[in-house]
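To keep things clear, I will list the structure first and then write my remarks on it.
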Amino acid sequence: MKIRRSDTFRHCLCNDGSEEQSGSAGKESEKKKKNELCVLFDHARPTAEGISEMVSGRKGFGLAWLLLEFIKKGRSKLPLESFDVSGFPLSASKLKLLLSSIPSGPGVVETLTCGTHVCNNAFLPVLLDFLLQAKVGGAGRTPSICLKTLNVAKCDLGEASGAIFHVLPRSLEHLHVSGQSKTSVMKWCQAEGALKRPLFSSALAPPTVPQTGPYKGQSRGVEALAEALKAKKTTSLQTLDLEGNGMRPAGLKHLASAVNAEAVPHLKVLVLKYNCLTDVSDRERDRRERDCGPIAELLSTSALKELEELDLSDNCIFDRDGGGEGVGVEVSAAAIAAPGRFPQLRRLDLGGNHASLGNGPPRHHPPGLTSGQLAAFVSGLGEGGLPSLEEVVIPWGGSDETPEGVVALANAISAGHLVKLKKFKMDRRADLTDENFARFTRSLASGKVSLLQSLDLQFFFESPEEGVGALAGAIRGGGCPVLQKLDLSWEEEGDEGVGGLAEGLGGGLLPSLRDLSLTVFGQEEWGEGRREGSIAVGEVLSTRQVPSLRSLSLGWNCNQSFASVCEGLTRGRLDPLVVVDVELRGGGRTDLVVTRFAEVIRGGKLSGLRSLKSTRDDMLSPAGAGAFGEALTHAEASLNSLEKIEMEWPSGAEALIFLEGLCRGPVRVACRHFGSCTVPSSLGPPLQDRSSPCPTL
């Protein structure tokens, strides 16, 4: 008879001493071995994540099982609050052995993460048996563990969905089922018992929405979910994440009906991001058919009094002042801020994703929020709407001919209608002109948003110096005393705005600022004169006039302005604790700018440099490329934090010379991501040969 090694180990560990040993010496030897293992395990103290990692490999299974047995027998007090079997590579019988060794009791395996492999075929009965034990317990009918979170995201459950949701334990609070196929989603919605117990979290996100078709499948899935909600078996539901579900107006109609039926009275988080909530079809903006009735119905509800977070981003809802087309129903942003409608709302996201638009206004995309809609929203704030609002994202849109939205927003801040505001983001709006930006930033100096911790502003206009100067004045005046994160992106021909910001940063009135991100798009012609404002901002940073700073991101064109920033950086040395990310874009004199930047690095002025990105520019010479590579491994550079380098070269010659310079330095660079060095494919093998002697890289 063949005896498995694992069975032998199990027999030894489970033996409680009731069986006779071959002699006292054998007993003492076994006891000594067990004690030694206990001491070893307690000394190493592997975490729950570490044990899960062992399970993901064939070689680690035995040790993981041994650890579980020691914990189960009380011989080791290792924590096991979570368990991840998503990468389990062995047989179903091995999985059964593993799960049966999980100890019972409070605080044990409160989170279970599964993968497609363990949710189907021969593994499914094993998983179901484990969940059933967690639900009703064993012979004593006491649940073995208190499972609170079950993660079956991207597991493509299919036919298994009904069986799994039939045995969900009553202790479950969080259920993650995102990334399922459309069939799996609908089976989940229709599964009897899938929504019979109150769950505090539910994520439902099918795969990428197709770009054509009637979307009947998605709307039917949401309809099934809505009907389950209407049964009021999930009235304790607090989080409903439907991002990217492609529900469109047809699906939203069912959800709005469930909400108005008071099916989710305790809902705190509602995510409807990227769902085409008003678009019936995918035609171009001026021709597409819209139906604003369902979103208007949802936003007029009185059944979400406990809602704290509402995400409507990446949906064209308020991009027209006239409201809906097709069914004649209008939707207004004022509905969100209606007094008494959402009294607990803390976070509102109306933003949009247009990272690929480049510089300037997004002219080829529909506006996310018109000036009129912004003004309507702000008017509701003035009437007492959204009294708990702490975070808001205002998307791009508007027109410089109708600036009433931004003007109303500035007035609302000055009037104290956003006194609890902690995080504010406003994208590149066309109605944020020079004058209006100055008006807005002056409102920040009023002291009526003294709780503001994060400010993210992106703007584009010809003369930003007045606005940025006003922002600097707000900083100097102590209008934002607890500001921790400042993210600014703008375009200017000179550096007056940069200089104004330097004055604000150098005032010593930002004791809490930890994260600073500056992105400056310069359109200047290269000149011989220095840029005093740019020098000033570099000097402020290098002389540690913002002592609380821990993260710095600089995005600049390769022009005179950044060359002057480098000059300012040489006047001091950034604190090594400050993590620095730099992105350089093409400009008129890349070679000279990169050379000056290399001098900064070689002098150890940016020892906290974490990532470096440079877009392609044909002005970089081979000499400049070599000097730059050599600077990164210079003895004085001390780039111990460098993790990522992304470079684009005009030709393979510059890339090879850069790598040669990199290898000439005496210091090794512990860079973990160096795969984005873009050169012509024909020079791939020679490049690989040259880079191989370079240590670590």
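Restricting segment 106-146 to residues that are more than 19 Å from His174 (Cα to Cα) and at pLDDT below 80, the residue that is surrounded by the fewest Cβ atoms within 10 Å (Cβ to Cβ) is Ala139. Restricted to segment 230-259, and to residues there that are in a helix (DSSP H, G or I) and of a type in the set (Gly, Ala, Ser), the residue that is surrounded by the most Cβ atoms within 10 Å (Cβ to Cβ) is Gly251.
Given Leu374, Leu369, which one is in contact with a strand residue (DSSP E or B) (Cβ under 8 Å, 6 or more places away or on another chain), buried (at least 18 other Cβ atoms within 10 Å of the Cβ), modelled with pLDDT under 95 and within 20 Å of Asp434 (Cα to Cα)? Answer to the check: Leu369.
Okay, residues lined up against (1) over 16 Å from Thr149 (Cβ atoms); (2) touching a Phe, Trp or Tyr at 6+ places or on another chain (Cβ under 7 Å); (3) free of Cβ contacts under 8 Å to residues at least 12 places away in the same chain:
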position	(1), (2), (3)
Val85	no, no, no
Phe88	yes, no, no
Lys94	yes, yes, no
Pro103	yes, no, no
Leu112	no, yes, no
His117	yes, yes, no
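May I ask you to list the residues in segment 378-388 that are surrounded by fewer than 22 Cβ atoms within 10 Å (Cβ to Cβ) and under 14 Å from Gly340 (Cβ atoms)? Residues satisfying the conditions are Gly380, Glu383, Gly384, Pro387, Ser388.
The condition of being surrounded by fewer than 17 Cβ atoms within 10 Å (Cβ to Cβ) and either in contact with a Pro (Cβ under 7 Å, 6 or more places away or on another chain) or among the small types (Gly, Ala, Ser) (or both) holds for Gly508. No other residue among Ala627, Ala623 is surrounded by fewer than 22 Cβ atoms within 10 Å (Cβ to Cβ), modelled with pLDDT of 80 or more, in contact with a helix residue (DSSP H, G or I) (Cβ under 6 Å, 6 or more places away or on another chain) and not acidic (Asp, Glu) apart from Ala627.
Residues in segment 391-419 that are surrounded by fewer than 23 Cβ atoms within 10 Å (Cβ to Cβ), part of a helix (DSSP H, G or I) and either touching a Leu at 6+ places or on another chain (Cβ under 6 Å) or among the small types (Gly, Ala, Ser) (or both): how many? Counting residues in segment 391-419 that are surrounded by fewer than 23 Cβ atoms within 10 Å (Cβ to Cβ), part of a helix (DSSP H, G or I) and either touching a Leu at 6+ places or on another chain (Cβ under 6 Å) or among the small types (Gly, Ala, Ser) (or both) gives 4. Annotation: of all residues in segment 305-361 being at pLDDT below 75 and β-branched (Val, Ile, Thr), the one that is surrounded by the most Cβ atoms within 10 Å (Cβ to Cβ) is Val329.
Say whether the condition of being touching a strand residue (DSSP E or B) at 6+ places or on another chain (Cβ under 9 Å), within 18 Å of His176 (Cα to Cα) and assigned to a loop (DSSP other than H, G, I, E, B) is met by at least one residue in segment 86-100. Yes, the conditions are met somewhere in segment 86-100.
Taking every residue in segment 658-677 that is under 15 Å from His634 (Cβ atoms) and modelled with pLDDT under 55 and pairing it with any residue that is basic (Lys, Arg) and not in a loop (DSSP other than H, G, I, E, B), at least 6 positions away or on another chain, yields no pair with a Cβ-Cβ distance below 9 Å. Just a yes or no: is a residue in segment 533-544 of a type outside the set (A, V, I, L, M), farther than 15 Å from Val578 by Cα and modelled with pLDDT under 95? There is at least one residue in segment 533-544 that is of a type outside the set (A, V, I, L, M), farther than 15 Å from Val578 by Cα and modelled with pLDDT under 95. Across segment 473-490, the qualifying residues are those that are farther than 17 Å from Phe437 by Cα and not in a loop (DSSP other than H, G, I, E, B), and the one among them that is farthest from the chain's Cα centre (by Cα) is Arg476. As a summary of the residue check, Asp431 satisfies the conditions (1) under 10 Å from Ser371 (Cβ atoms); (2) of a type outside the set (Ser, Thr, Tyr); (3) more than 31 Å from the chain's Cα centre (by Cα) except for the one numbered (3). Checking Ala655 against (1) hydrophobic (A, V, I, L, M, F, W, C); (2) within 25 Å of Thr519 (Cβ to Cβ); (3) modelled with pLDDT under 90, only one condition comes out false. Which one? The number of the failed condition is (2).
The values are calculated or read from the model by the stated rules, or taken from the named source; none is laboratory data. Everything quoted here is computed from the prediction, not taken from an experiment. Every residue, glycine as well, gets a Cβ built from its backbone with ideal geometry; the counts of neighbours run over all protein chains shown.
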